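Only one structure is covered here, and it is reproduced in the block below.
The values are calculated or read from the model by the stated rules, or taken from the named source; none is laboratory data. Note that the structure is predicted; figures quoted are calculated from it, not measured. Here Cβ is always computed from backbone atoms with ideal geometry, including for glycine, and neighbour counts include all displayed protein chains.
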Amino acid sequence: MDWLSSDLYGAYREWMAVAEDERMYRVVADVSRAAELSAQRLGGMGDRWRHTQAVAARASSASPAVAPNDRDLLVAAAWLHDIGYADSVADTGLHPLDGAEYLTRLESPISRP
């Protein structure tokens, strides 16, 4: 089965868009800003930083597997996936929550226009 025609991909596409007044709004991702923010927060964290760089590189190489409009989102999310581990970000000790709250407080590199 082709990934782009799978039910899982359809669910992914539906999740990434929000219907409002019969219009669809796409998620906008700034890969450069996500990479910069990740470097600022995780750059001094040794293995965590190397892991994040490797995940971003893998996401970039895998990006042709997703729709062209979603490729930047995939790579930006890879850069930011562990940002909640940063000492300057960690609050609750649950890194996905801490990262999400941190990005919500900022003008996040991933947003809905």
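Being farther than 12 Å from residue 35 by Cβ and touching a helix residue (DSSP H, G or I) at 6+ places or on another chain (Cβ under 7 Å) is the filter here, so list the residues in the range 68-80 that pass it. Hits for the range 68-80 are 71, 74. Among the residues of this structure, residue 57 counts as one that is at pLDDT 95 or above, of a type in the set (A, V, I, L, M, F, W, C) and surrounded by fewer than 18 Cβ atoms within 10 Å (Cβ to Cβ). The set of residues in the range 60-78 that are surrounded by fewer than 18 Cβ atoms within 10 Å (Cβ to Cβ) and free of Cβ contacts under 8 Å to residues at least 12 places away in the same chain comprises 61, 64, 68. Pairs meeting the criteria (first residue in the range 39-59 and touching a residue at least 12 places away in the same chain (Cβ under 8 Å), second residue among the acidic types (Asp, Glu), beta carbons under 9 Å, at least 6 apart or on different chains) are 41/87; 42/82; 45/82; 45/87; 48/82; 51/82; 52/82; 55/82. Among the residues of the range 59-78, those that are touching a Leu at 6+ places or on another chain (Cβ under 6 Å) and outside any loop (DSSP other than H, G, I, E, B) comprise 59, 63. Please determine, by comparing only the residues of the range 38-52 that are of a type outside the set (D, E, K, R) and buried (at least 17 other Cβ atoms within 10 Å of the Cβ), which one is nearest to residue 106 (Cα to Cα). Within the range 38-52, the match that is nearest to residue 106 (Cα to Cα) is 38.
Of everything in the range 79-97 that is part of a helix (DSSP H, G or I) and touching a residue at least 24 places away in the same chain (Cβ under 8 Å), the residue that is farthest from residue 29 (Cα to Cα) is 85.
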